[in-house]
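Values in this text are rule-based calculations from the coordinates and carry no lab data. Bear in mind the structure is a predicted one, so any value in this text is a computation, not a measurement. When we count neighbours, we look across all protein chains shown, and the Cβ atoms used for this are built from the backbone with ideal geometry, even at glycine.
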Amino acid sequence: MCAPAAWFAAEEVVDERTHEFVATVAAAAASWTFTDLVPGDTSSTLGPPGAGAREVAVHVRVPGLTTERRFLQVFYDPDVGGLPTLTSRWGSGPAELTGYEDCCGPPDEDTDLWVSGVEATAEQCGRWAAAWLERQLCRPVVRREWDAPATGWSTLIPRRRPGSPALVEWTVGDPEGALDLRGEIPWDWLRRQPPTREVRER
């Protein structure tokens, strides 16, 4: 009989604080009530490369999303100048381990988890991380699609995928914010029009 899958299964963790952080997040996840989330949607990785074995990232692949940015990620380092740090973001996959500001800019004080310069145990950091992950999983995600106009100058622009939406936007709600935007060319003016379709993905 196979053992049940573990939440946030990880490669070997050698730092005791990092181990305690991941264990705390995993324990909290085991009590979540999301019916579409399974342990296989979660993982943890050491990194980024060169940071030493103490730093770890925990990831949740959010079920039901069609955007590439469907991973929730929290990065934990137990010792930055003697104090822990936590950063969070919506990312494109577990292998994406660059610093937060390298890809996302400054943190959003309304939605992002950002801990620095305070004394906190690994267990407390784990509780903060788990609470942020759970909060994000509760937020609605909506996909809006705009088809290309049938008339006007835009019909002269060659398209690589005829028949596909000209613009697709994902937003995450409560509070609402942009999650992802895809289009063959800049269609910013389309966003000022009502979307052709609107689908709640989560």
How far is it, in nm, from the label point at A178 to the one at S31 when both lie 7 Å from their Cα along the line to the Cβ? 3.8
Less than 9 Å Cβ to Cβ from P84, Lys/Arg counted +1 and Asp/Glu -1: what total charge do the surrounding residues give? -2
Using the Karplus equation 6.51 cos²θ - 1.76 cosθ + 1.60 (θ = phi - 60°), what ³J(HN,Hα) coupling, rounded to whole Hz, does each residue of the range 167-173 give in order, writing x for Gly and Pro? 8, 10, 10, 10, 10, 10, x
Please give the length that would be gained between R192 and A120 if that part of the chain were fully extended, namely 0.36 nm times their separation in residues minus their C-alpha to C-alpha distance (nm, one decimal). 21.4 nm
For the range 22-27, take each phi angle, set θ = phi - 60°, evaluate the Karplus expression 6.51 cos²θ - 1.76 cosθ + 1.60, and give the result in whole Hz per residue in order, putting x for glycine and proline. 5, 4, 5, 5, 5, 5
